[in-house]
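See below for the structure under consideration.
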Amino acid sequence: MQAQCSPTEKFTGGSKYVLDEELAQIVNISMALEMPLLLKGEPGTGKTMLAHAIAEALNMRLIVLNVKSSMKLVDALYQYDTLTRLNDSRFGDSQRDVSNIEDYIKMGKIGQSFVSHERVVLLIDEIDKADTDFQDDMLDVLDQMEFDIIEIDKTIRAKNRPVIVITSNAKKDLSDPFLGRCNFHHIAFPEPDMMRKILQVHFPDISEDLMEHTVKAFYRMREFRGTEKKPATRELINWIRALKSDPDFRVKDLIKGNIPYLGVLFKKSPDYALARNSVSRMRL
Amino acid sequence: MFIDFFYLLRQVGIPVSPTSFLRFQKALGMGLITSLDDFYTAARSVLVKSERYFDLYDQVFAHHFEGAELKDPEEFELTEVAAAMLQEWLKDPKGFADALGIDPESLSKLSPDALLQYFLDRLKEQKGEHHGGSKWIGTGGTSPVGHSGYHPGGMRVGGVSRNKSAVKVAMDRRYRDYSQEGPLSQAQIGEALKKLRNMIPVGPKDQVNIDETIYQTMKNAGEIEIVFDRSLKDRLKVILAIDNGGWSMDPYVGVVQTLFNHSRAQFKELKTFFFHNTIYDNLWEDPPRFKKPVKVDELTRLDPETRFVIVGDASMAPYELMATDGSIHIEERSMKPSYERLRSIAETFPHSVWLNPKLADEWPYTRTIGMIREIFPMFELTIDGLDSAVSHLMGRN
């Protein structure tokens, strides 16, 4: 078993994640202060990937809570499986003790991160999908590091305070009490230099020529006015993957302004039409 | 420690809570922060909770710590001034070049970086004459000459380089783009609608809520307690007039339509009209502006309490607004210039606003925007702009 991580352990980046120093510093501060880190930024700036990278670098298990709009806080904490209990009491062929409700309590994602014997990374993804009450209540739980299971009147306390990363895509700000309990960082869209580093990590064998021209074309296409969803890092990586797998593709096509696989970059039909239109006028 | 810094942040309007300041003290006490760079990032992540304040934070940080680390303030000032010059040049290349006596042709061939360097060199040369050069830069041209490919607001000066000191990074103001919200997009519609919800009824409380009255009376042990609700008939009437004509509004029509389609249920009555560029004799009820014209004169018969919201970029040729036969559509040439029409609408409906999808910093470059702003209070079609527009509509003016 992995030894307990000391709180002073430093995070320096993962194998598939290019980290800028500023963010590393913020992650380390948050871990030291034992505060959840709230990450905002446009889609595709690597908010979710960061949690994966932290888990990998510090050799901790990652628990992901994907927030859904219909979600109630208790779902994230634990679930009392009445159906199985009813079933067991009817047929009685399981190992569980029907008279012991605790056997039928299943931990939710936050619950799991509390009862884990090792320190884990808890990623709460897209918190903005849930309503504000959920958000505030959840932060209370994360602040106290404990919650009650009403059915068995038992308090679950965190064995190890998990490293908590929360992501939000929202343009709007989250509520004040929520923000008060988090550290905050906004990940800006990577500059072209950073983007080249990111691509280098994903495509170690990429040719200089292809990298240069795809990045250039990509940033040009991000500037098209009027698109609803700009292509992000994820789209760029998929696009390069598509280009690389096409035997007929030549880098000089890009220079001529002939951009294949636009659909990989622009996924909404009005955006696609607009991009198709603008691309024909674009020259690198 | 750093109490001044804390109060300065609060003073400029960044909501920094004392708790987070104490937490930051804890971080300092733990020996986590060993350099000014650490201080910059750590303080920002602990104290500042929205990217909208990042730009302000950068400015405060640069201001507060300028003396502490700044080696060569003069160089700095020059960079800033040169950057400002570049911005100015992008807005109005010709006018600016004329003002400086530089050849605009040769300048337009330079890349932005080269241009910045050029300005910087020039400033250094001329330091004696033009000390504190910020004055002769802010002349703000009005010539509408555009420059191919560059957009004034979209230009970012400087980049991220990790070799810079924190002060320099702060001086870069990388987050300037986030400090103002862009034009309303589909993704923000939900948020925008919430802003519209502030348009709540303000009628008198004159309707008896029977269920609540019975409940409260029971609770009062039989002592009668009558509960009144606000009457519903005072829900707002809204007229929405949308500029849906011409390519100049094309990028915004989708967003605007979504906004009003969703807001339909919001009000007691919502009338939607369409126009092209500006309003003449008629508004139209049908989007192609063909079948169902409505005389503007007839609007005067409507309740003056109606909120009149115009959405348009207010950008057109000045004669369309000012001339008596300004309409580009031949069939609606009466003797009243559109300017008069707009004025009479504004007089009929004291609660009126003009929402402009163009961002406010582009407004000074279009003459008709200025003229229309004399008639209607104008707000950006952004979340923040919508917020101010709604509070303006609900205010007693």
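The values are calculated or read from the model by the stated rules, or taken from the named source; none is laboratory data. Quantities reported herein were computed from a predicted structural model and do not represent experimental measurements. We place every Cβ from the backbone using ideal geometry, glycine too, and count neighbours over all the protein chains shown.
What to note about this one:
- Residues considered: A:L73, A:L77. Of these, the only one that is touching a strand residue (DSSP E or B) at 6+ places or on another chain (Cβ under 6 Å), away from every other protein chain (no Cβ under 14 Å), over 28 Å from A:R234 (Cα atoms) and touching a residue at least 12 places away in the same chain (Cβ under 8 Å) is A:L77.
- Failed condition for A:K68, given (1) closer than 30 Å to A:L265 by Cα; (2) not in a loop (DSSP other than H, G, I, E, B): (2)
- On the stretch given as region A:42-74, residues that are of a type in the set (G, A, S) and under 11 Å from the mean Cα position of the chain (by Cα) total 4.
- For region B:384-397, taking the residues that are of a type outside the set (G, A, S), surrounded by fewer than 18 Cβ atoms within 10 Å (Cβ to Cβ) and touching a residue at least 12 places away in the same chain (Cβ under 8 Å), the one that is farthest from B:L299 (Cα to Cα) is identified as B:D384.
- Scanning region A:217-250 for residues that are out of contact with any Pro (no Cβ under 8 Å at 6 or more places or on another chain), within 14 Å of another protein chain (Cβ to nearest Cβ) and part of a helix (DSSP H, G or I) gives a single hit, A:R220.
- Helices (runs of 4 or more DSSP H) within region A:104-181 that include 2 or more residues modelled with pLDDT of 85 or more and not aromatic (F, W, Y): A:109-115, A:132-144
- Listed by position, the strands (runs of 3 or more DSSP E) contained in region B:291-380 that have at least 2 residues being at pLDDT 85 or above are B:307-311, B:352-356, B:378-380.
- Screening B:K26, B:K49 for residues that are in contact with a strand residue (DSSP E or B) (Cβ under 7 Å, 6 or more places away or on another chain) and either over 23 Å from A:F178 (Cβ atoms) or at the interface with chain A (Cβ under 10 Å from one of its Cβ atoms) (or both) leaves exactly one candidate, B:K49.
- Scanning region B:11-23 for residues that are closer than 14 Å to B:H64 by Cβ, away from every other protein chain (no Cβ under 11 Å) and either touching a residue at least 24 places away in the same chain (Cβ under 8 Å) or of a type in the set (G, A, S) (or both) gives B:V12, B:I14.
- Scanning region B:43-70 for residues that are modelled with pLDDT of 85 or more and either of a type in the set (A, V, I, L, M) or surrounded by fewer than 16 Cβ atoms within 10 Å (Cβ to Cβ) (or both) yields a total of 4.
- A single entry from B:L8, B:L32 fulfils the requirement of being over 21 Å from A:K40 (Cα atoms) and either over 27 Å from the mean Cα position of the chain (by Cα) or without any contact (Cβ under 8 Å) to a residue 12 or more places away in the chain (or both): B:L32.
- Residue in region A:160-175 that is loosely packed, with under 15 Cβ neighbours inside 10 Å, farther than 14 Å from A:V18 by Cβ and out of contact with any Phe, Trp or Tyr (no Cβ under 7 Å at 6 or more places or on another chain) present: yes
- Any chance A:M35 is within 14 Å of another protein chain (Cβ to nearest Cβ), in a helix (DSSP H, G or I), at pLDDT 85 or above and crowded, with 21+ Cβ neighbours inside 10 Å: no
- Of all residues in region A:1-23 being within 11 Å of chain B (Cβ to nearest Cβ) and surrounded by 19 or more Cβ atoms within 10 Å (Cβ to Cβ), the one that is modelled with the highest pLDDT: A:L23
- Look at (1) within 22 Å of A:H202 (Cβ to Cβ); (2) modelled with pLDDT of 80 or more and you find that A:K229 fails only one, number (2).
- Residue check: B:Y280 meets all listed conditions (1) assigned to a loop (DSSP other than H, G, I, E, B); (2) within 25 Å of B:D361 (Cα to Cα) but one, namely (2).
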